[in-house]
């Protein structure tokens, strides 16, 4: 059975016994996925006889050209929704980082007590913690 990728028009020969109903296949060229439909081996019904004086019926989508993969790539993307999500993600990121920095500065003493090397950043030499010990971790000289 011959199947064709709707995205890039790559054609593949696949044994009919390998295709089951509603089985998704992936194109090796473009990576697109679609459901390969087995064509019925029955003959299509014969066309209805034409009525004299009747207008020929045309399908509305028949006049439109098919959209190829290159046309889809060249078309502008819907950037409004995507940019709003991106801005929200950046705002959330900076909010979390700002909150973390504020928490470290607010509870500086607890952070230095839990992790003494942070005293080099959070409290330079000469800064005293609430209990009177230097923030640098050195002992106080009298």
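Counting residues that are at pLDDT below 65, which helices (runs of 4 or more DSSP H) fully inside the range 63-142 reach at least 2?
Numbers: elements: 69-74, 79-106, 108-114, 119-122.
By residue number, 79-106.
Results for (1) at pLDDT 75 or above; (2) within 30 Å of residue 74 (Cβ to Cβ); (3) touching a helix residue (DSSP H, G or I) at 6+ places or on another chain (Cβ under 7 Å); (4) not in a loop (DSSP other than H, G, I, E, B), shown as yes or no for each residue.
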{"site": "3", "(1), (2), (3), (4)": "yes, yes, no, yes"}
{"site": "25", "(1), (2), (3), (4)": "yes, yes, no, yes"}
{"site": "29", "(1), (2), (3), (4)": "yes, yes, no, no"}
{"site": "34", "(1), (2), (3), (4)": "yes, yes, no, yes"}
{"site": "51", "(1), (2), (3), (4)": "no, no, no, no"}
{"site": "58", "(1), (2), (3), (4)": "no, yes, no, no"}
Selection from the range 5-22 of residues assigned to a loop (DSSP other than H, G, I, E, B) and either in contact with a strand residue (DSSP E or B) (Cβ under 7 Å, 6 or more places away or on another chain) or within 21 Å of residue 69 (Cβ to Cβ) (or both) yields 5, 6, 7, 8, 9, 10, 14, 22
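The values are calculated or read from the model by the stated rules, or taken from the named source; none is laboratory data. Note that the structure is predicted; figures quoted are calculated from it, not measured. Using ideal geometry, Cβ is built from the backbone for each residue, glycine included, and neighbour counts are taken over all protein chains shown.
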